Amino acid sequence: MKLRLLAAALAATVVLPLGIANAADLEVTHWWTSGGEAAAVAELAKAFDATGNKWIDGAIAGSGGTARPIMVSRITGGDPMGATQFNHGRQAEELVQAGLMRDLTDVATKEHWKDIIKPSSLLDSCTIDGKIYCAPVNIHSWQWLWLSNAAFKTAGVEVPKNWDEFVASAPALEKAGIVPLAVGGQPWQSAGAFDVLMVAIAGKDTFNKVFGDKDEEVAAGPEIAKVFKAADDARKMSKGSNVQDWNQATNMVITGKAGGQIMGDWAQGEFQLAGQKAGTDYTCLPGLGVNEIISTGGDAFYFPLLKDEEKSKAQEVLASTLINPKTQVAFNLKKGSLPVRGDVDLAAANDCMKKGLEILAKGNVIQGTDQLLSADSQKQKEDLFSEFFASSMTPEDAQKRFAEIIAAAD
């Protein structure tokens, strides 16, 4: 079914349940500023504007690490926006505990979010002391290796089917003047790549013991030592990337300047915007072609408490709009992510998105580290891997520091 037909069918059967008496302008802050992200967020704005309200875009460039402190500062400083993006997990925990964020339990109950939002861990991440404080908008999985088919053709080697084959192809890529692995300079990119390597190489149980149970002994043990060896290979393969933003690294793959990139499924938005076709121009390997497991992290919108009654009503309408099936289809097809609803038809999805949907249907999922670690612990991890990828720190020294972070994690 073509997207426009699907959207028309949904529009005919679904009515936004929360009407408004008076329209309001609502500032929405987020960090979606790449080409693919901007195309996706425009779908959210269009859907909200169709309710009679007005989406006032508050995009903040520089990804979450730059945007979140600005968002938090505004809320704590008495200058709240109408709604703000955070990742699924504990990033807004302290704001909620301080009484600065709006309780959405009434909206969620009226619309049966507990019945339609899958997996349940998404709404669990929004729930503090039995109350729901956010509206999940997508499922983003980190566990992907994106490969440029053209780069491997230039290098004269077959497109790899797994991580080991990719590592083995690095000399041929380098000989052809191609950077094997594109990694941008933002700390979250190298930390995220390590997390992906952990699931692929050490497996789901080890990942959960380290990040879920905060098991220092496992973090310091032989299974994680193998992961640090792989991270060392990734570090060597990424030399010469010389870019900062994640989408710049993705563009290296799109243009054949890099062989591959470990990045979340949001990279699909960039391939789509560039007119590239999955399976023809690029290849996607979930779980690095080793362990087909994906994380159920992603994005949710939180709503700061506002004194303006009309804007407060508009917040409810926006929360409802984000979960609406028509919005879920339009947004996630552009974003490259999976919908949070288990009852929408994504027949228009590309091959890579379908792989993600199949893995999700099988239940081969883990929670994201944003859901398992506090923002402070996550920042410490990011700092470590930023230093590791930019220096000659030994894998042994890096693992020792990593185990210390896990031991102190909350």
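The values are calculated or read from the model by the stated rules, or taken from the named source; none is laboratory data. Note that the structure is predicted; figures quoted are calculated from it, not measured. Quick reminder, even Gly has a Cβ in these numbers, built from the backbone with ideal geometry, and neighbours come from all protein chains shown. Side chains included, ligands, DNA and RNA excluded: accessible areas come from the protein's heavy atoms. Shrake-Rupley method; radii C 1.70, N 1.55, O 1.52, S 1.80 Å.
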Out of region 360-385, which residues are part of a helix (DSSP H, G or I) and either acidic (Asp, Glu) or open to solvent by 40 Å² or more (accessible area, probe 1.4 Å) (or both)?
LEU360, ALA361, LYS362, ASP370, ALA375, ASP376, LYS379, GLN380, GLU382, ASP383
Residues GLY77, GLY82: which one is buried (at least 21 other Cβ atoms within 10 Å of the Cβ), more than 30 Å from THR250 (Cα to Cα) and modelled with pLDDT of 85 or more?
GLY82
Please work out which one of (1) more than 12 Å from LEU181 (Cβ to Cβ); (2) in contact (Cβ under 8 Å) with a residue 60 or more places away in the chain; (3) not charged (D, E, K, R) is the condition LEU197 fails and give its number.
(1)
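Within region 401-410, does at least one residue satisfy the condition of being charged (D, E, K, R) and more than 24 Å from GLN97 (Cβ to Cβ)? Talk me through it step by step, then tell me what you get.
Our first condition is that a residue be charged (D, E, K, R); within region 401-410, this holds for 401, 404, 410.
Within this subset, residues satisfying the condition of being more than 24 Å from GLN97 (Cβ to Cβ) are 401, 404.
Yes, there is a match, as at least one residue in region 401-410 is charged (D, E, K, R) and more than 24 Å from GLN97 (Cβ to Cβ).
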Output the qualifying pairs, or none if there are none: Cβ atoms under 7 angstrom, residues six or more apart or on different chains, first residue in region 278-289 and within 14 Å of GLN261 (Cβ to Cβ) and acidic (Asp, Glu), second residue at pLDDT below 95 and in a strand (DSSP E or B).
none
Within region 251-265, does at least one residue satisfy the condition of being touching a helix residue (DSSP H, G or I) at 6+ places or on another chain (Cβ under 9 Å), of a type in the set (Val, Ile, Thr) and farther than 23 Å from GLY185 by Cα?
no
Mind listing just one residue for me: the one in region 188-202 that is open to solvent by 10 Å² or more (accessible area, probe 1.4 Å) and modelled with pLDDT of 95 or more and, of those, farthest from ALA249 (Cα to Cα)?
ALA202
Could you please give the count of residues in region 247-268 that are open to solvent by less than 10 Å² (accessible area, probe 1.4 Å) and at pLDDT below 95?
4
Among the residues of region 394-404, write down those that are assigned to a helix (DSSP H, G or I) and closer than 19 Å to ASP232 by Cα.
PRO395, GLU396, ASP397, ALA398, GLN399, LYS400, ARG401, PHE402, ALA403
Kindly indicate whether any position in region 172-194 is touching a Pro at 6+ places or on another chain (Cβ under 8 Å), within 22 Å of ALA390 (Cα to Cα) and touching a residue at least 40 places away in the same chain (Cβ under 8 Å).
yes
Exactly one of these conditions fails for LYS334: (1) open to solvent by 10 Å² or more (accessible area, probe 1.4 Å); (2) out of contact with any helix residue (DSSP H, G or I) (no Cβ under 6 Å at 6 or more places or on another chain). Give me its number.
(2)
Being among the β-branched types (Val, Ile, Thr), at pLDDT 95 or above and under 19 Å from the mean Cα position of the chain (by Cα) is true for just one of ILE359, ILE323, ILE405. Which residue is that?
ILE323
